[in-house]
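First the structure, in the form of structure tokens, and then the observations on it.
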Amino acid sequence: MLECVLQRTLMHLPGRHILALCDTADHGLESTDPGLAVAVPPGWEVVDQGSGDLGMRLEHIWRTIGQGQAVFFGVDSPDIPPSALQTVWEALEQADAAIGPVGDGGYWCLTAKRYAPPLLTGIDWGTSAVYHQTHDAAREAGLTLRDLPPWHDVDTPDDLLALSERLTQAREPALTQLRSRLDPTVKDLTR
């Protein structure tokens, strides 16, 4: 899913692209197992995401890359429709920040015009409260926050099966490649 998100982001959102990973060996970038290896497409810069909870790691990345505009994507939402991806820039023309909700209370994307640490602190990461707490944090910080189109993420085997079903209609090369890579896992789940 990481490879798919990298390829699709380059295709649908031109600009500077930074891939933040804690340890490249742990995340497959240096894996000797071809099934686990991730090909980082040209155009991506790999940086260390630091340590701590997700908010602390995102804040570290934001400081590392400069404190300007940033767009953070969840790797567990690889099939965001291109039309939804393109709303990221539109949203930033109308608000200080934008968030793309997913059904479990998290989000597939968080973006802001400028460095905004309040969007990343005091959040109960990994819970159904993330989306609402981020909205509350924006309001308390005086930031306007716009919603992007809602989508899905993959956290459970059922989510993976739903992704696989959506991918049967996919025509983008990155999505068809993802479908073929997920097929063995999906077959195991449906046995």
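Structural remarks
- Cβ-Cβ under 8 Å pairs, at least 6 apart or on other chains, the stretch 27-55 side closer than 16 Å to Arg8 by Cα, far side charged (D, E, K, R) and at pLDDT below 80: Glu45/Arg16
- Filtering the stretch 32-42 to residues that are at pLDDT below 70 and not aliphatic (A, V, I, L, M) leaves Thr32, Asp33, Pro34, Gly35, Pro41.
- Only one entry in Asp26, Asp53, Asp48 is out of contact with any strand residue (DSSP E or B) (no Cβ under 6 Å at 6 or more places or on another chain), at pLDDT 90 or above and surrounded by fewer than 16 Cβ atoms within 10 Å (Cβ to Cβ), namely Asp53.
- Subset of the stretch 77-106 (residues that are closer than 22 Å to Ser164 by Cβ, of a type in the set (Asp, Glu) and either at pLDDT 95 or above or under 14 Å from the mean Cα position of the chain (by Cα) (or both)): Asp79
The values are calculated or read from the model by the stated rules, or taken from the named source; none is laboratory data. What you are looking at is a predicted structure, and each value in this text was computed from that prediction instead of being measured. Heads up, the Cβs are rebuilt from the backbone with ideal geometry, glycines too, and the neighbour counts pull from every protein chain shown.
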